[in-house]
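Asks: Handing you this structure, nothing more for now.
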Amino acid sequence: MERQRGNMDHPHDELLLREVFETFTQFAKKIMQEDDEEKAWMLAQTSDLEVKAVMQQMTLMMVHVLDAIGKFDQVNGTVLSSRFGIPKGTVSKLARRLEELGLITFETIPGNKKELHFAITPLGETIYKIHERLDQRILEGATRFMADYSEEQLKFIRDFMSKLISHSFLQDDHFKEVENGFTPEV
């Protein structure tokens, strides 16, 4: 029995599928390269040597966590964990690192010494504002790029990307069968 690739209702040309997969791979590489470009852009936005030195030590995830702390009032680890979909322990480590760099402080709520909230420092505020400008620049560039697409095309792209980020290619039925000791006929 020959196994068809793709959805049984939509058999696709194998070359086309490989081209699509290669495009995904190139897109992922581009995003990683743009992470470096974003950091370089942020560094170029200031002449303050202290700000530059701190930004050099930051990971992209640290920048995003700092950004969330700057945007939300009285944010805690639970909120950040759910916002980024990362474990609370990871948020705690990132927050401790941001505190070590002098970007945030930990505050307790009067009457509740157990729950910690994060507050941004003046140095953290400076980096947060630079990141806000970066986000605005990216949004403007994306808006210009997408202006050539119709509303229908943009909805398709949105839906496709939503499905793509919620799907694991390693978790499809074929691989589950192989992992469980079953080898489907090929």
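Asks: Report the label-to-label distance for residue 129 and residue 147 in nanometres (one decimal), using points 7 Å from each Cα along the Cα→Cβ vector.
Replies: Going from the residue 129 label point to the residue 147 one covers 2.9 nm.
Asks: At each listed q (0.11, 0.13, 0.17 Å⁻¹), what is the log10 of I(q)/I(0) that the Debye formula gives for segment 1-150 modelled as equal alpha-carbon point scatterers?
Replies: Once normalised to I(0) and log-transformed, intensities are -0.59, -0.74, -1.01.
Asks: Dipole of segment 82-127 (Lys/Arg Cβ +1, Asp/Glu Cβ -1, origin at the Cα centre): which of 90, 106, 124 lies farthest to the positive side?
Replies: The Cα lying farthest towards the positive end belongs to 90.
Asks: A further question on this structure: So between residue 48 and residue 30, what do we pick up on full extension, going 0.36 nm a residue minus the alpha carbon distance?
Replies: This chain segment gains 3.6 nm when fully extended.
Asks: Follow-up question, since we're still on this one. Going by Cα centres, segment 16-50 and segment 125-163 are how many Å apart?
Replies: 14
Asks: While we're looking at this one, here's another question. Roughly how tilted is helix 122-146, in degrees to the nearest 10 and between 0 and 90, from the longest Cα axis of the chain?
Replies: 30
Asks: Longest segment of the chain with no trypsin sites (Lys or Arg not before Pro) in a DSSP loop having at most 14 other Cβ atoms within 10 Å?
Replies: Here the longest run is 6-186.
Asks: Now, a different point. For the chain, with every protein chain kept in place, what is the accessible area per residue (1.4 Å probe, Å²)?
Replies: Result: 74 Å² per residue.
Asks: Then there's this: Once both labels are modelled 7 Å past Cα along the beta-carbon direction, what's the residue 61-residue 79 spacing in nm?
Replies: Computed distance between label sites residue 61 and residue 79 equals 2.1 nm.
Asks: Counting alpha carbon pairs within less than 8 Å and at least 6 residues apart, what relative contact order, in whole percent, applies to the chain?
Replies: RCO, the chain: 20 percent.
Asks: Can you spot the lysines whose alpha carbon is less than 24 Å from residue 163's alpha carbon? Ignore those fewer than 8 places along the same chain.
Replies: Within reach: 29, 30, 155, 176.
Asks: What's the magnitude of the charge dipole for the chain around its Cα centre, counting Lys and Arg as +1 and Asp and Glu as -1 at the beta-carbon? Answer in Debye, nearest 20.
Replies: Computed charge dipole of the chain: roughly 800 debye.
Asks: Moving on to the next point. Once the Cα atoms of helix 60-71 and of the chain are each reduced to a long axis, what angle between those two axes, in degrees from 0 to 90 to the nearest 10, is obtained?
Replies: Taking the Cα atoms of the chain, the angle to 60-71 is about 60 degrees.
Asks: Counting only protein heavy atoms and a 1.4 Å probe, tell me what percentage of the chain's accessible area is made up of carbon and sulfur.
Replies: Of all accessible area on the chain, carbon and sulfur atoms account for 56 percent.
The values are calculated or read from the model by the stated rules, or taken from the named source; none is laboratory data. Note that the structure is predicted; figures quoted are calculated from it, not measured. When we count neighbours, we look across all protein chains shown, and the Cβ atoms used for this are built from the backbone with ideal geometry, even at glycine. Just so you know, the surface numbers come from the protein's heavy atoms only, side chains and all, with ligands and any DNA or RNA stripped out. Shrake-Rupley method; radii C 1.70, N 1.55, O 1.52, S 1.80 Å.
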